[in-house]
Amino acid sequence: MVDANSNQALEYATIVLKNTNTQKISGGITDKKGLFNIKTNKGNYEISVEFISFKSKKYPKQVINKNLNLGTIKLSEDTNSLDEVVVIAEKTTVDIRLDKKVFNIGKDLSIRGGNASDVLGNVPSVQVDVEGNVSLRGNENVTILIDGRPSALVGINGADALRQIPAEAIEKVEVITSPSARYDAEGTAGILNIILRKNKLTGFNGSLQFDAGYPERYGSAFNANWRTKKWNLFTNTGFRYRAAPGHAFSDTENFLSTAKNARVIEERRFGRLSRSLFTSFGVEYYITKNSSIIGNIILNRGNDDDVNTNSIDRFDSNGGLNEATFRTENEAEDEQRIQYTLDYINNFDGKGRKLSINTQYSTETEDILNDITEIETQSNLLNDLEQVIEDQDEKRFLLQADYVHPVGENIQYEAGYRGNYRDIFNNFNLAERQVFPNGPLVPDTGLNNSFNYKELVNAAYFQYGHQFDKISVLAGLRYEYTSVEIEQQTSNSASKNNYGNFFPTINLGYEFKDGENITLGYNKRIRRPRGRFLNPFPSRSSESNIFSGNVSLRPVITDALDLGYLKRWKKFTLSTSIYYNRSDESWEFIQENTGDLTDNGDPILRRFPINLSLEERVGFEFTLNFRPFKVWNINSDFNLFHTITDGDYIDPKTNITTNFDFENTAFFIRLNQKFTLPSKIDLQINSNYRGASQNAQSTNQGIFTMNIAASKDIFKEKASLSLNVSDVFNGRKRMSTIFLPGISNQYSEFQRRVGPQVRMSFVYRFNQKKKRIRQEREDDGGGEF
């Protein structure tokens, strides 16, 4: 099924079959290629085809007693729709495909006024921890793409960058746990592909949103597009102002005889204030009915002013107070990301043959200035004065070409190339006052450094797809050649490393009957060391804890298997998966005593990565969508995984062997429910529990969170008013214990945002005038939040 004007495939078009004898109705929807395959009983039928803002097409008298091929169905735009408001049913649906799951964000009340981290936190199989780190099936080595490509929007620091992307700019998220050869091989857990909104409805339409909340937060978002026969202009713009108070606590016992302090208790309070602007503007020009060119510019700016305090009490072995200090950090951070993209798409004859060429250039800068003072509270004297200046810059360039060539209706060949270049520069400077009370700030030559990382990945792939009667096959081979240059300017040293890898993939599917299938996937993946993990110069998270990279760190190669089963009933959809990952030379982060002490007498510990262990991970997950009643929708997912790590580390200084073998079983479960209350009020309750976990050196307690949101359509359904309360029970807190034999034992808590957060959002949807409302038909197999 295609657009009669552009010959572009129409996905999610509805096909309805009505048996003229029994009046029974059945049907289905089109896939991303505009194809559909519906099984029904023999009989006489009326067939109708519908799609939003297009004229319906009817086939009134059809006798079905054998396979029926309606050929290429061309739908024309409904010119009347230019005068009407088109309200699309904003469902949060789950679309299962051979090589990925697609989660359409839709009317998810809990993310209104939120950001990309909030969106990902609601996606099945995905977890976002208290610091914003994203994991897929419990594995943090996940690749995040924007519109199918690496992007500066993810940034140097992915967790912070995701908080800058407003939720309103996101249309859907693709969870790709068994990536085919067309995707980057980076990310041993898989890929999360965030698709930004690019509305293509005819005419001028969009939405305007305002948000306010507590702790203090304000925001606005504007999404709009204007489409004619030859042009489509679209924009997403959002502004956020937010205060986010946080809290951390640690209690450390030191076992070293050289340590002056036997116990150190720290309490940190974070006073974060952030401002961000996100704007995207794009233009699509339809050159012919089959080809178009798209240009897009995205600007993301952020400005943070944080005041963080740290109260530290140090005790001797008898419990007496050695020293009490109060540390204040005044940190200012400015960041900016600009991304330019230019895409060319040609659908040729509209029968599936397609060529796409994509180019992308982006820049990112982050400037941090942190003034640190420490006062000895007993004497009220200045104990320490430091200033940290950190600059990070990144440039990216990407060129990608993909060609799809179908042969008949059941065979498809695909080939492509991608070149991805990254240039990351980091400059770290720390100066401290060594002579009190009025001495100058003296640079710390042991910590100050400039580090430059350059990476070029050239990749080519070929894959073959074949649809048999009940069996689907998608097999491919990808080759990636990586060139890395590292320049350590402070030490005037440089290194180069080149390596190439083949990455085979295969995805098989067997359809028992309509709505029931089984899939099997295999792929080989890679985790490349970058930037901070390679920089040998130490950086400080505190006076007594430093992190240094390892310039000799090698990539981790992972083999992954995934066996999935999907079954759809009328009101219930179940998707399950069993998966297995094996990683050779997996990274472990070693924490050791440097033998040095801070000015306050605390041992200085160093943490660094090495290729150490063999890691095996086996897991089981299921996702279910259930609609027991018309007014109650349930969406839930459960993930259970067992990890085995085998490896020993021999300290070259002491020749002491540390065993890093461990086994850990962990799980997380999520339950999202949506209710339609009287007066057409929508209520949504999202519950999430992440079970306890451990590794060779630390244990983490379980975390439970709950979000509640309600929404009401007003102004004749042109607008919506919603209220959201996130982390209702203040449970989003990481509590962990790190035990280093003979060195220390530390219990710590970390909470990025303290207490429940409340948001109120107002959304207004606009068009020229309202004559009629057309609503997208629901797919029983989807499910709704």
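The values are calculated or read from the model by the stated rules, or taken from the named source; none is laboratory data. This is a predicted model, so every value here is computed, not measured. Backbone-built Cβ (ideal geometry, glycine too); neighbour counts: all protein chains shown.
At-a-glance table
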item	result
Selection within the stretch 650-681 - under 30 Å from ILE714 (Cα atoms), surrounded by 14 or more Cβ atoms within 10 Å (Cβ to Cβ) and of a type in the set (Lys, Arg)	LYS674
Scope the stretch 278-290; condition buried (at least 16 other Cβ atoms within 10 Å of the Cβ) and part of a strand (DSSP E or B); matching residues	PHE278, THR279, SER280, GLY282, GLU284, TYR286
Hey, ASP384 under 33 Å from the mean Cα position of the chain (by Cα), at pLDDT below 95 and of a type in the set (D, E, K, R) or not	no
Among (1) more than 28 Å from the chain's Cα centre (by Cα); (2) buried (at least 21 other Cβ atoms within 10 Å of the Cβ); (3) over 30 Å from ILE471 (Cα atoms); (4) modelled with pLDDT of 70 or more, the one test that LYS57 misses	(2)
Matching option when the condition is in a strand (DSSP E or B) and either hydrophobic (A, V, I, L, M, F, W, C) or crowded, with 17+ Cβ neighbours inside 10 Å (or both), among ALA243, ALA259, ALA181	ALA243
Which numbered condition ASN438 fails, given (1) at pLDDT below 90; (2) assigned to a strand (DSSP E or B)	(2)
Test for SER317: is it surrounded by 19 or more Cβ atoms within 10 Å (Cβ to Cβ) and small (Gly, Ala, Ser)	no
TYR417 hydroxyl-bearing (Ser, Thr, Tyr) and closer than 30 Å to ASP469 by Cβ	no
Total residues in the stretch 265-304, condition at pLDDT 90 or above, among the charged types (D, E, K, R) and either closer than 19 Å to TYR344 by Cβ or touching a helix residue (DSSP H, G or I) at 6+ places or on another chain (Cβ under 8 Å) (or both)	1
Qualifying residue in the stretch 585-605 (condition: surrounded by fewer than 16 Cβ atoms within 10 Å (Cβ to Cβ) and either polar (S, T, N, Q) or touching a helix residue (DSSP H, G or I) at 6+ places or on another chain (Cβ under 6 Å) (or both))	yes
Within the stretch 458-496, considering residues that are modelled with pLDDT of 90 or more and of a type in the set (S, T, N, Q), the one surrounded by the most Cβ atoms within 10 Å (Cβ to Cβ)	GLN463
Scan of the stretch 709-747 for residues that are of a type outside the set (S, T, N, Q), touching a residue at least 60 places away in the same chain (Cβ under 8 Å) and part of a strand (DSSP E or B), ordered by number	ALA709, ALA710, ARG734, ILE738, LEU740, TYR747
Close pairs (7 angstrom Cβ cut-off, 6 or more residues apart or separate chains): touching a residue at least 60 places away in the same chain (Cβ under 8 Å) in the stretch 138-153, part of a strand (DSSP E or B) and of a type in the set (Phe, Trp, Tyr) anywhere	GLY138/PHE641
Filter result for the condition that a residue is closer than 30 Å to ARG759 by Cβ, aromatic (Phe, Trp, Tyr) and in contact with an Asp or Glu (Cβ under 8 Å, 6 or more places away or on another chain), over PHE622, PHE638	PHE638
Residue selected from the stretch 146-167 under the condition more than 17 Å from ASN296 (Cα to Cα) and small (Gly, Ala, Ser), by the criterion modelled with the highest pLDDT	ALA167
Output for the stretch 295-322, where each listed residue is polar (S, T, N, Q), part of a strand (DSSP E or B) and under 24 Å from GLU749 (Cα atoms)	ASN308, THR309, ASN310, SER311, ASN322
Selection count, the stretch 713-724, where residues are modelled with pLDDT of 90 or more and touching a helix residue (DSSP H, G or I) at 6+ places or on another chain (Cβ under 7 Å)	2
Residue within the stretch 641-648 that is in a loop (DSSP other than H, G, I, E, B) and either over 30 Å from the mean Cα position of the chain (by Cα) or under 24 Å from TYR522 (Cβ atoms) (or both) present	yes
Hits in the stretch 253-281 (condition: under 30 Å from GLU171 (Cα atoms) and either hydrophobic (A, V, I, L, M, F, W, C) or free of Cβ contacts under 8 Å to residues at least 12 places away in the same chain (or both))	LEU273, LEU277, PHE278, PHE281
Residue match in the stretch 683-690 (condition: without any contact (Cβ under 8 Å) to a residue 60 or more places away in the chain, closer than 25 Å to GLU216 by Cα and buried (at least 19 other Cβ atoms within 10 Å of the Cβ))	no
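Results for (1) of a type in the set (D, E, K, R); (2) outside any strand (DSSP E or B); (3) over 25 Å from GLY408 (Cα atoms); (4) assigned by TED's automatic domain parsing to the domain that holds GLY408, shown as yes or no for each residue.
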residue: GLU11; (1), (2), (3), (4): yes, yes, no, no
residue: ASN21; (1), (2), (3), (4): no, yes, yes, no
residue: SER26; (1), (2), (3), (4): no, no, yes, no
residue: ASP31; (1), (2), (3), (4): yes, yes, no, no
residue: LEU35; (1), (2), (3), (4): no, yes, no, no
residue: LYS39; (1), (2), (3), (4): yes, yes, no, no
residue: TYR45; (1), (2), (3), (4): no, no, yes, no
residue: LYS58; (1), (2), (3), (4): yes, no, yes, no
residue: LYS61; (1), (2), (3), (4): yes, no, yes, no
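Residues checked against (1) in the same structural domain as ASP349 (by TED's automatic domain parsing); (2) in a strand (DSSP E or B); (3) touching an Asp or Glu at 6+ places or on another chain (Cβ under 6 Å); (4) closer than 30 Å to GLU329 by Cα:
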position: ARG418; (1), (2), (3), (4): yes, yes, no, no
position: TYR453; (1), (2), (3), (4): yes, yes, no, yes
position: ALA459; (1), (2), (3), (4): yes, yes, yes, no
position: GLY476; (1), (2), (3), (4): yes, yes, no, no
